[in-house]
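Everything on this sheet refers to the single structure shown next.
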Amino acid sequence: MSAFFDELTDGDRASLIKFLLDAQADERWNDPLELVIHLERETAVVINNGTKEEARQAQHFSAVLSKDYELVKRVATNVVAFINNGTKPERWTA
């Protein structure tokens with residue numbers, strides 16, 4: 001896991017993974033990069049239009065994307081496999 005991802009609160013990490021799980025369940029992308037693109041777009045919208053708390057959390061998600069894109073891609077790959085195939089990883093970041 002990355003040092004930056006470790007700096008997020010447990011709640012922010014859980015929220016990021018929950019966001020990805022919910023988005024994937026709604027859209028059922030086959031390519032994890034499509035899920036990452038969705039996260040990028042949604043964080044921009046929330047930063048500009050959300051409540052202070054939503055914007056704060058979206059800024060954290062955006063920072064994770066910019067500082068450790070590969071980690072987010074690994075999480076997205078695991079989320080896609082879990083939602084589409086029922087394959088739950090031992091760790092979302094593995």
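Here are the numbers:
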item	result
Residues that are of a type outside the set (A, V, I, L, M, F, W, C), in a helix (DSSP H, G or I) and in contact with a helix residue (DSSP H, G or I) (Cβ under 9 Å, 6 or more places away or on another chain), drawn from segment 21-30	GLN24, GLU27
Residue tally, condition aliphatic (A, V, I, L, M) and buried (at least 16 other Cβ atoms within 10 Å of the Cβ), over segment 31-51	5
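A short reminder: the numbers here are calculations on the coordinates, not readings from a lab. Since we're looking at a predicted model, the values are computed, not measured. FYI the Cβ positions are ideal-geometry reconstructions off the backbone, even for glycines, and counts take in every protein chain you see.
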